[in-house]
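Here, each number is a calculation from the coordinates, and none is a lab measurement. Not measured: the values here are computed from a predicted model. We place every Cβ from the backbone using ideal geometry, glycine too, and count neighbours over all the protein chains shown.
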Amino acid sequence: MPDIELFQILAISLGLGLLVGLQRQHEKARIAGIRTFPLITVFGTVCAWLAQDFGGWIIAAGAVATAAIVVAANLLQRREQHVDVGQTTEAAMLLMFAIGAYLVIGKTSVAVALGGVVAVLLHLKETLHQAIAKLGETDLRAIMQFVVISLVILPVLPNETYGPYEVLNPYNIWLMVVLIVGIGLAGYFAYKIFGGRAGTLLGGVLGGLISSTATTVTYAKRSKTHDSQTASNNLIALVIFIATAVSLLRIIVEITVVAPTTLGKVAPPLISLLLLMAILIVVGFLFKKEDAGQMPEQENPAQLKTALVFGAIYAIVILATAAAKDHFGDSGLFIVAIISGLTDVDAITLSTSRLMNNQTIGLDTGWKVIMIAALSNIAFKGAMVAVLGSRALFTRVALLFGLSLVAGLLIVWLWPEGFVLDWFGK
């Protein structure tokens, strides 16, 4: 290894140790601070260098020596009164030794990221404790339900295809369930943190993350109640429209996860519609004179029933997509997209993304199918506002949704074939 690389590794090791040591010194940790942590991290790096010539036992011996230092420091502290019984600093010392060693034998970027995570976790002690203290029984149940969905059910499902057209893979179907429930759960906990003081923008963003359809229904009903006296129809329409725009951003995220290699082709037309919606949101804020009020209570998105329903919808959409393509060609996919968009745009997005990723359908067809499904979903939400909301609210929502629908259809019709954005790679 060239000398310059050795010094670079040493500098990174020293820097990570100083970063964590600075945080511990600021918190007045008793056994290690701004000097000890850099020494431990560099010690791990040097042990890893020596291990390349003398064997891995050097790293093991270094880890044992570091642990001995931790034990000795704790024994000495027993003589003092009011000893902090927490083990955070001790655990951080052992981890920073390991990170110092990993800099040599692993990837530098991973080691740097781990060091940064350690520093951030140490710094967020009070914030994390406060967040945990706010968790109720419902929130804890949501976490455990997600654990069951992602870590208990998923691993035991067979990773084989079944049924007609051999497109029903239980493992892949449930993996998409985990993805969608995970996105919804992230929005749910963001709501638990900010929901009580979420204004127009944040209320729409959180609503789009959890469920833009549920947000549309809730706020449409609000426009007919006394709440509309404190939150005008302009603001309610804006919240609904923001949630719809976030649902489009959510579609792009889903494509990124399932079929990242297609982004150069698929993302630009979707982003174009998203940018137009963002402009309309900015214009809407120019007329903002008040807030839309507190967000309504959100349901736990990690319920097993919800996961099963989405899994069933996704499986039906996969099967319908395969049948439509077999009997009607690519044109049949657009019929499925329109129908699926009326119920759940996530399902058609994920199924189409997988088809594009497997090169079963072309990218030009794939993004148009997803766009049509998104536009169908927008039209469906507009119909719900017409049925559930006030006439004044529908007038405003119809204007915003109408402009988006026209723009989306023009993009589908006029978007140049073969256009690829190099930012995402070809």
Simple spin-label estimate for residue 112 and residue 129 in nanometres, 7 Å along Cα-Cβ: 3.3
Distance histogram in 20 Å bins (all Cα pairs of the chain, percent per bin): 22, 41, 31, 6, 0
Extreme residue, positive dipole direction of the chain, given options 351, 238, 69 (C-beta unit charges): 238
Relative exposure of 221, 125, judged by other C-beta atoms within 10 Å (fewest first): 125, 221
Debye, to nearest 20: dipole size of region 3-131, +1 on Lys, Arg Cβ, -1 on Asp, Glu Cβ: 320
5 angstrom amide H check on residue 223, placed H, neighbours 5+ away: 390
Span from the region 97-163 Cα centroid across to the region 1-56 one, whole angstrom: 24
Sequence-distant residues sharing a close amide H with residue 168 (under 5 Å, placed H): 162
Charge dipole magnitude, Cβ of K and R +1, D and E -1 - the chain, Cα centre, debye nearest 20: 1040
Axial C-alpha extent at least 27 Å, average Kyte-Doolittle at least 0.0 - helices from the chain (DSSP): 3-26, 57-77, 170-194, 233-258, 263-286, 304-328, 363-388, 391-414
Two-decimal Rg/Rh across region 3-131, once Rg and the Kirkwood Rh are taken from alpha-carbon atoms: 1.00
222 nm mean residue ellipticity, helices alone, for the chain (DSSP H n ≥ 4; -39,500 (n - 2.57); rounded to 500): -25500 deg cm²/dmol
Around residue 266: net Lys/Arg minus Asp/Glu count, Cβ-Cβ under 10 Å: +1
Nitroxide proxy distance, nm - points 7 Å out along Cα→Cβ at residue 152 and residue 120: 2.9
